[in-house]
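To start, the structure under review is shown below, and the notes come after it.
What follows is calculated from the coordinates using simple rules that are stated; it is not laboratory data. The structure presented is a predicted model; accordingly, all values stated were derived computationally and were not measured. Every residue, glycine as well, gets a Cβ built from its backbone with ideal geometry; the counts of neighbours run over all protein chains shown.
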Amino acid sequence: MYTSVVRLQNVFGFFTTVAFVVAAFIAASDFVAERAPIVRTLKTTSVQVVRGRPHYYSSKKEEYAVINFSLDADLSSLFTWNTKQVFVYVTAEWPAADHSTTNATNEAVIWDSIITSPSADHLANHWSRRHEEAAQERGREDGKLVLKNQRHKYKITHPSGKLATTENVTLRLHYNVQPWVGLLTWNQDVDYGYWKALKNGVSKRFKLPAIKEKKPASAGSR
Amino acid sequence: MLSSLANPRQAAVQLMNFGLILSTAFMMWKGLSVITDSPSPIVVVLSGSMEPAFQRGDLLFLWNRNVVTETSVGEVVVYSVKGKDIPIVHRIVRKFGKGPEAKLLTKGDNNVSDDTELYASGQDYLVRKDIIGSVFAYIPFVGYVTILLSEHPWLKTVMLGLMGLVVVLQRE
C-alpha cells in the first residue's frame, strides 16, 4: 500500500541512511590520511614569577608564573578535507612540591590558538583579539607556526598560591584536531598507522625563579 | 482511522507498535548510558562558547570512563555545576594533582576568561565527578531539531500529533 505518507517516510529514511553512510566514510577517511607533525624548537625565552591577585577585588596574594616562549612547528599535515580546525596549545607541567604525593602532577595551559582550516575560515570570529594574533602569527593558516618570543596568553598559578623556585618545569606542545564529522583526536606519543607521534614537543626542564617584586594592575588569568 | 476503531484487535496491535518504538528508543538511550558510564551520552551544543569547533545544534558523543588515562588538560568535557541544570561544554585548561580529587579548571575556546565565574559560589575548581563525559565524536547540525523544539514548544505538540497520526494511519 503506497500512500503519500509511506512514500514520504521512505524518502526520508533513505536520505538519512545515505547521509550517515557518507558521513561515516568521511570520518573513516581520517585514518588513511598521513599525519606527520614536526616540531623544530620549543623553548622558553623568559621566565618570571610575580605576585598578584586573582581578580581586582580580591585581597588574596598569589604567585604567578609568566612564561614566554619560542615555537617553530609545522602542523600542516593535520589539515585534510575533514579538518575543521586544529586547536594548538602549550602547557607547563611540573611535579608536586611535597614528596608525599610524588606522582601528582600539575599542568596548565599558558598559550593556545585556534587554527581554522581554509574550509572553516568563514566561521572564525575576526572581531575578537584573535584578529591581531592572526596578523602576528605568520603563516598560521596552513598550520606552520613560527613564534619568536611569543607572549604568554595565560599567567598561571597554583591552588596553594606558591610557585616561585619550582623545579623541573617543562613546556609541552599539544594539538586537538576537530573534524567536520567524526572522531576528535589529540597528539599522540606513539605511531598509530598513518599517524606519526608528535616528537620533540617538550622543552628542556627549567626552574621558576624567585619572586620579582612587581605589582601588575590585574594579574590572574583573564 | 474509522476501520481501526471498528477493529479493536488492529487498534491494540497499533498501540503495541507505538509502545514498542518508544521503549526501544528508551532502552537504546539507557544502554548507551551504561556503556559510556555517562548520564547523558549524547548532548546538543546550546551555546557558542566553543566556536568555531562546536556550533549551536551540533551533536556531541561523550565517554565517561578512564580506561587508559585520566581525564586531562586539553580534553573537551561536559560538566554540570551544582544548582544549575544546564550542562556546559568546555575545555580543561588546568589540572592540579591526580586522581578523583584533582582540581580542574575549564574554559571555552571562544571565551576570553576561564569558567571560575560559572562555577557555584565559593567553588574555584571542578573535580572529576562534576564531569559527565569527554567529547570523543562529533556530528554537525543534526541536533538542531531539539533546539527548535525547546524554543518553540508548540512544535512538540505538532510533532507528537503527527507521529501518532502516522502510527494510527499506517497498517503494519
Exercise. Springs between alpha-carbon atoms under 10 Å, Gaussian network over chain B: tell me which of B:Thr146, B:Thr106, B:Thr69 tops the mean-square fluctuations.
Key: B:Thr69
Self-check item: Scaled radius of gyration (Cα, divided by 2.2 N^0.38 Å) that chain B gives
Solution: 1.34
Exercise. Could I get the Rg over Rh figure for the protein assembly as shown? Both from C-alpha atoms, Rh via Kirkwood, rounded to two places.
Key: 1.06
Quiz item: Picking from B:Gly122, B:Ala137, B:Trp154, whose Cα lies most toward the positive end of the charge dipole for segment B:113-172 (charges on Cβ: Lys, Arg +1; Asp, Glu -1)?
Solution: B:Trp154
Self-check item: Distance-filtered residues of segment B:139-172 - backbone nitrogen under 16 Å, label point 7 angstrom along A:Val5 Cα→Cβ
Solution: B:158-172
Quiz item: If you count, for each residue, the other Cβ atoms within 10 Å and average over each peptide, how do B:130-137, B:111-118 line up from highest to lowest?
Solution: B:130-137, B:111-118
Quiz item: What is chain B's relative contact order, in percent, from Cα pairs under 8 angstrom and six or more apart in sequence?
Solution: 24 percent
Quiz item: For segment A:66-80, in order, what is each residue's ³J(HN,Hα) by Karplus, 6.51 cos²θ - 1.76 cosθ + 1.60 with θ = phi - 60°, in whole Hz (x at glycine and Pro)?
Solution: 10, 10, 9, 8, 10, 9, 10, 9, 10, 9, 5, 6, 7, 8, 10
Practice problem: With a point put 7 Å past each Cα toward its Cβ, work out how far A:Glu167 is from B:Asn7 in nm, to one decimal. | Solution: 8.6 nm
Quiz item: Here are some pairs, A:Lys207/B:Lys95; A:Lys84/B:Lys84; B:Lys30/B:Lys98; A:Lys84/B:Lys103; which of them have Cα atoms lying more than 28 Å apart in this structure?
Solution: A:Lys84/B:Lys84; B:Lys30/B:Lys98; A:Lys84/B:Lys103
Self-check item: Size of electric dipole in chain B: Cβ of Lys, Arg +1 and of Asp, Glu -1, about Cα centre, debye, nearest 20
Solution: 420 debye
Quiz item: What list of ³J(HN,Hα) couplings, whole Hz, do you get for segment A:189-197 from phi and the Karplus terms 6.51, -1.76, 1.60, once you set θ to phi - 60° and write x for glycine and proline?
Solution: 8, 10, 6, 10, x, 7, 9, 7, 5
Quiz item: Of the residues B:Val145, B:Val45, B:Val93, which exhibits the maximal mean-square fluctuation in a Gaussian network model of chain B defined by a 10 Å Cα contact cut-off?
Solution: B:Val145
Quiz item: Helix B:154-169: angle to the longest alpha-carbon principal axis of chain B, degrees 0 to 90, nearest 10?
Solution: 40 degrees
Quiz prompt | Whole-Hz couplings from phi, Karplus 6.51/-1.76/1.60, listed for segment B:7-15; x for Gly and Pro | solution = 10, x, 4, 5, 4, 5, 4, 5, 4
Quiz prompt | Within-12-Å neighbourhood charge of A:Thr45 [Cβ basis; K, R +1; D, E -1] | solution = +3
Self-check item: Hits among aspartates and glutamates - C-alpha to C-alpha of A:Lys148 under 19 Å, sequence gap 8 or more where chains match
Solution: A:Asp72, A:Asp74, A:Asp112, A:Glu132, A:Glu133, A:Glu137
